[in-house]
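The numbers here are math on the coordinates, done by the rules we state, and not lab data. Not measured: the values here are computed from a predicted model. Neighbour counts are summed over all protein chains in view; Cβ atoms, including those assigned to glycine, are modelled from backbone coordinates with ideal geometry.
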Amino acid sequence: MKQEYELVPHTILTIISSNQSMHLILSNHFTPMQLHHTLKLTPHHHHSLSIFAAPLTLTTTTTTMATHFQLSDASPSLPISPHRLLIVGPGILGRLVAQIWRQEYPGCEVYGQTATNNHHEELSKIGVNPSLKWTKDSHKFPYVIFCAPPYQSSDYLGDLRLAASCWNGEGSLLFTSSSAPYDCNDNGLCDEDSPVVPIGRSPRTDVLLKAEKIVLEFGGSVLRLSGLYKVDKGPHIYWLEKGIVESRPDHILNLIHYEDAASLAVAILKKQFRGRIFLGCDNHPLSRQEVMDLVYKSGKFPKKFEKFTGSDDPLGKRLNNSKTRQEVGWEPKYSSFAHFLETI
Ligand SMILES: NC(=O)c1ccc[n+]([C@@H]2O[C@H](COP(=O)([O-])OP(=O)(O)OC[C@H]3O[C@@H](n4cnc5c(N)ncnc54)[C@H](OP(=O)(O)O)[C@@H]3O)[C@@H](O)[C@H]2O)c1
């Protein structure tokens, strides 16, 4: 019987042979539980396995992790499935991307690279093959999306370089950045082409701009996202929890629902752009006060927000991404925060 292996990153192969048989052990020691798959093989398989060139077919599945160990990068000559996707940072956004991707390309492989192994079991359950950050760039993917936020890493730019080097240059490489670097704080208009702050103004924007530069140099694209929200996460929830917030009420903020950010990211990935910068927002900027007024009027949140008390902190910006919509051929499901509130 012929057997074929596709190797998930970090899977370790150990071959133990005896006079009568050989055992192949697949283990992935980056998962919370050590996974060992022991296959009894007859000696005549030995040659095929040692060169990894013969087409062998096998899928092993573990009941504890629901992880498929499929080897394909073991030999560069084996074909890579055309829609194989690597999600670096499969958090809220990344998991939604995985969900849409799997709907678009049923049966395709989706891999998720995380900072810790805390969520590996959850990821396996939703069909994302988890691994920890890699130390080598030996695994290539036609589609790579980097949607890990900067705050969990001591070397965000290094992580980005590693992720970019996992891209085989075929489909798309996309980095989800932020609209924060747009240089506007007078509640003024701003679009894809507006200028960004210079390097050196703040560590927060520096890291994003440097990360963007890396991705663009690799030929990847950038999606600058405005404030992400869903029913239980976002500025409205944060302010409801606090009750009184020491920020000015007239600061304009820009929002996009997590589901829309994910559908936009997937639409960009599918179009295989090179070196482009896109903007993700719902084109309905609102002041902080307007957001909380809408929340109150919706009657859908039990907590009561009291007030904003600031008066001299910086104002915001009014984002418009008509250009992105036109070029990508995308529209949000939630056209505004008010529209979203009507749907819950
Ligand atoms: N939230 C916003 O309003 C906002 C606004 C603009 C842009 N963005 C951007 O949108 C993207 C998605 O945000 P999100 O809210 O979905 O994030 P999230 O849920 O906080 O995502 C966290 C995920 O990223 C993983 N991770 C963190 N650092 C990593 C690293 N260096 N390498 C690999 N994995 C790493 C975490 O691993 P563990 O599972 O181990 O924890 C987790 O899986 C981010 O790029 C963020 O910067 C967000």
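Numerical summary
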| item | result |
| --- | --- |
| Straight-distance crosslink candidates among lysines, where the alpha carbon sits under 23 Å from Lys300 and sequence neighbours closer than 8 are dropped | Lys230, Lys233, Lys242, Lys333 |
| Residues Gln272 and Ser322, FRET efficiency given R0 of 22 Å [Cβ-Cβ distance, rounded to 0.05] | 0.50 |
| Tyr143, Tyr258, Tyr105 arranged by Cβ crowding within 10 Å, fewest neighbours leading | Tyr105, Tyr258, Tyr143 |
| FRET efficiency, 1/(1 + (r/R0)^6) with R0 35 Å, evaluated for Lys303 and Ser153 via beta carbons | 0.60 |
| Vicinal HN-Hα couplings computed from phi for the range 150-161 (Karplus, 6.51 cos²θ - 1.76 cosθ + 1.60; Hz; Gly/Pro x) | x, 6, 9, 10, 8, 9, 4, 5, x, 4, 5, 4 |
| Ranked Leu255, Leu209, criterion: other C-beta atoms within 10 Å, fewest first | Leu209, Leu255 |
| Ranked list, fewest to most other Cβ atoms within 10 Å of each Cβ, for Arg224, Arg276 | Arg276, Arg224 |
| Spin-label zone in the range 143-173 - amide nitrogen under 19 Å from a point set 7 Å from the Cα of Asp206 along the C-beta vector | 150-161 |
| In nm, spacing of pseudo-spin labels at Asp293 and Leu315 (7 Å Cα→C-beta vector) | 1.7 |
| Under 5 Å, built H, 5+ apart or other chain: amide partners of His284 | Leu255 |
| Other-chain or far-sequence residues with amide H under 5 Å of Phe278's (modelled H) | Val222, Leu223, Arg224 |
| Phi-based couplings in Hz for the range 172-179 (Karplus 6.51, -1.76, 1.60; Gly and Pro marked x) | 8, 10, 9, 10, 8, 9, 9, 7 |
| Amide H within-cut-off set for Gly188, under 5 Å, with H built and near neighbours excluded | Arg318 |
| Cα centroid separation - the range 271-344 against the range 171-210, whole Å | 17 |
| Charge tally in the Cβ shell below 12 Å around Phe305, where Lys, Arg are +1 and Asp, Glu are -1, Phe305 excluded | +3 |
| Computed Kirkwood radius, in angstrom, where 1/r is averaged over Cα pairs of the range 97-202 | 16.1 |
